[in-house]
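A short write-up of the structure that comes next.
Each reported figure results from applying straightforward, stated rules to the coordinates on display, with no laboratory input. Note that the coordinates shown come from a computational prediction; the quantities given were computed from them, not determined experimentally. Positions of Cβ are backbone-derived with ideal geometry, glycine not excepted, and every protein chain shown enters the neighbour counts.
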């Protein structure tokens, strides 16, 4: 009997060891192996840094020097400015105060012309420094404040303080646009300007629908190099620009224009409704070959209207003539179009020749380019005078502000891209992060932090460059096709393969665990069923 | 006198025009009946631009193409997209021969150090530009021909051109409307005016053979070649079958579905040339009558060309030919050099490629044969036989570059001296290779395409020769252009092999079956190993679960 019991026990232990080896092979070795081999490859990412982006400071430190004739005026002005910019979370002013030297003071009062006065200020102070601005008192001024292309704002006296603050806030620093650059919803300026990028191609397309009846005398390449070239040269600190031009012949567009009689030389003009115009862009896109360039393309198109349909005038939605010397329209984030009509005299020749007014047309293109590249037109403030632009070059403080806008925009865009990538990684387990993507995410995170530090320090150009590299790195990481390598294999299909294989095998193994545990603890497995 | 004054006036006008824009556009059509049953139509649109200014500012040249050329520093580029097979022995020679499918070769500037990367970028860009699968060109199907291809354009003397050359063909590519539309967009008149308005995709794809091409090269501006110009030539070659157009009498309306609505207003020259040499044997009359007839004597053969000067006045022109009598029985005279290529062998282990070259001339011809086999068709050089002999005196020079699996194709070039009035057979054997299951193309049982071989020859006679002389841009350069040699590059017909192809659903079936068997076998195995059969004595106290079970059992009863 004892022998039989002992035999039973050895059999029992054999069975238990067998059961344990099944568990060992399938659960202890098999499961981790399966887990390891089917794991999605992911480089470890700095999630804590990405989630802490919201706490990073985003204000740009900028220098402002107030130069007044006496200390009291300076203090009053500074007090008001500090108060106005106290709550701003985009701009942090570092205001320095100084009293104008007697000599400069007398010169400033002596010179009649404001431009000369600016030059005089430029002799003593460095006006070419990015991210700096001078508020200078100048007694003989007809308005409260006077602002031109350089980084100088003249004001008359302490009474003009509120105008100074308004001008700084709404024209020079444009805090509303800066706020818009980092807000979640795009404001009008951001809806118009191109998304940030390392460089742009600017293509002027001369659309010539009727080459057999009309000659257009225009050297498109030269016009682009001369006018647009000198404009974008000033913006070379922001982006690289490549200028190109092309002719699109025989691209005819039906404007569905209506003839209107008038008193001009022609005795008529043709009216085209604004809602018809965007269809022209579709026709242009077909031929303009914008997709060949490796960088985003800003399109400028000059449409040479045929003599039979000239002059063509744009009517707005209320059926009113758009009063402008140049008939033009702009498409946000695409480019601008100028509709050029030959004059009656041009068409009267046997062979009609149109010599476009290059200055006027290119000026229109530049004003469109300003908006497309992010320079917003300043609003008018009562008592403040803003010198109108005389040449193609943008104003110095506009470039500074553009740098600020782009820095903030790129920084917030990079942060959002990384945050949404982090969120996606949490939600979709199939996304692969290979070493390249990991490296560009890490470099983006580093650049964001560096840019934020540089913004604190007030080094605007470096901060811009850093934010741009952050933006580009974040975009490359997010757009990398390797992220989606495994995405086509959905989870439910995976389980359709695993379940038939694993369920019949794992069921008995898992159930045997209970007996195995009891046996290991030395407890009887079977309740004694003998009486 | 009046005409001379007019000529001077026009030439001044043209020079002014060229001075302002520095570019020039010409369009031409060349039609040649191929008796008895075919008609060859060849369109060429030539844009000449100054090399220096072309890349960023374009007037008549397509900016998309010039930009690609300058970005990748391409010196010369030839791209053809072809459907169908040119039958050399029957149709004679085309102006420019093209391999079936897509074919691309380019010379890069000597400044390009890493040609392979640049080539990859170029093919990807062109693939987007022409909506063709040129992006499938990779190192494993690219060769660098050593002898067969030479630049057509101006090259600095003493420059190593061979190392900057890359050649690839995709014989499987199917050419259709989606390639023609982007091709037309490169023309200054697009398809709205001029000769390109005849290229109606409904009609031109209804042909025996059609081929569209873009050829970019640098040509000398003056005799001393101190300045170069960029020549962008866009070509279309069509071969119509009289059976398809349902009559021997052809006209533009029958061939293209419409008449010609005048010339392109931007072209400085719009001419139609019709080869009427065959009028002697197959008499027909042209309506309207041609503006003039040129007789050209070139390399011992006389050609008569009817020329039409087309003006950009928007008047519809419908040129046609009406045969005067029923056609006689044709006597086909084969061209001086023709060839044939086919696959040998049976089973799925070994095979061979045979290229037969026939020289009908009274003198020997030197040809370069380039065999370009993909890596999955390993050519064995040891099995190379010329006329059945391993060591043949006909082979003057030989270049062989063995392929590497998934990296490099097999590339064999032979310089052969073809004896007069003879047929030379070049045979080479290959082995079939098993591919990985992902490397099979869709519909693998359709077979695998082997690209055409290139045959580069200097013909001693201009019989059946229609190509332009190397310095020529337009068709008028053909007239009386006798030379010592007539260089031409032919493409043989492609071939198809069927590689050992597995049953692709098999792995899935195996997985399913194996899973089921494992699952079924595991349960009993596990039970036997871990369970014990115990006799259950009667009258034992019943457990709770047993009680529940019994309850159900009773209810069912």
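Summary table
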| item | result |
| --- | --- |
| Segment residue A:487-residue A:282, length gained on full extension (0.36 nm per residue, minus Cα span) | 70.4 nm |
| Cα gyration tensor shape for the protein assembly as shown, rounded if a/c is under 1.5, else prolate or oblate | oblate |
| Nearest-0.05 FRET efficiency for residue A:380 and residue B:181, computed from C-beta distance (R0 56 Å) | 0.65 |
| Euclidean distance of C-alpha centroids, segment A:343-422 and segment A:79-126, integer Å | 27 |
| Point-to-point label distance, residue A:98-residue B:135, nm (Cα→Cβ direction, 7 Å offset) | 5.8 |
| Centroid-to-centroid separation of segment B:484-499 and segment B:197-228 [C-alpha atoms, Å] | 20 |
| Shape call, segment B:56-194: gyration tensor on alpha carbons, a/c limit 1.5 | rounded |
| Chain A: C-alpha gyration tensor shape, a/c 1.5 cut-off, then a/b vs b/c | oblate |
| Peptide ranges A:85-96, A:5-16, A:67-78 listed from the most packed, as the mean C-beta count within 10 angstrom indicates | A:67-78, A:85-96, A:5-16 |
| Most to least packed among A:275-282, A:443-450 [average Cβ atoms within 10 Å] | A:443-450, A:275-282 |
| Label-point separation in nm, residue B:390 to residue B:552, each point 7 Å along Cα→Cβ | 8.1 |
| FRET E, pair residue A:393, residue A:39, Förster distance 56 Å, beta-carbon r, rounded to 0.05 | 0.45 |
| Pairwise label distance in nanometres, residue A:494 with residue A:176, each label 7 Å out on the Cα-Cβ vector | 5.1 |
| Computed over chain B, the ratio Rg/Rh where both radii use C-alpha atoms and Rh is Kirkwood | 1.17 |
| Per-selection Rg to Rh, segment B:336-389 - Cα, Kirkwood hydrodynamic radius | 1.02 |
| Average other protein chain Cβ within 10 Å of Cβ, residues B:61-70 | 4 |
| Mean-position separation - Cα centroids, segment B:315-357 and segment A:233-264, in angstrom | 52 |
| Residues of segment A:462-482 with amide N under 11 Å of a point placed 7 Å along Cα→Cβ from residue A:432 | A:481-482 |
| Shielding by partners, peptide B:529-535 (average Cβ within 10 angstrom, other chains) | 6 |
| Residue mean of other protein chain beta carbons inside 10 Å, B:193-200 | 1 |
| Within segment A:358-397: backbone nitrogen closer than 18 Å to the residue A:191 label point (7 Å, Cα to C-beta) | A:371-377 |
| Per-pair calculated FRET efficiency, R0 = 25 Å: residue B:301 and residue B:87 via Cβ, rounded to 0.05 | 0.80 |
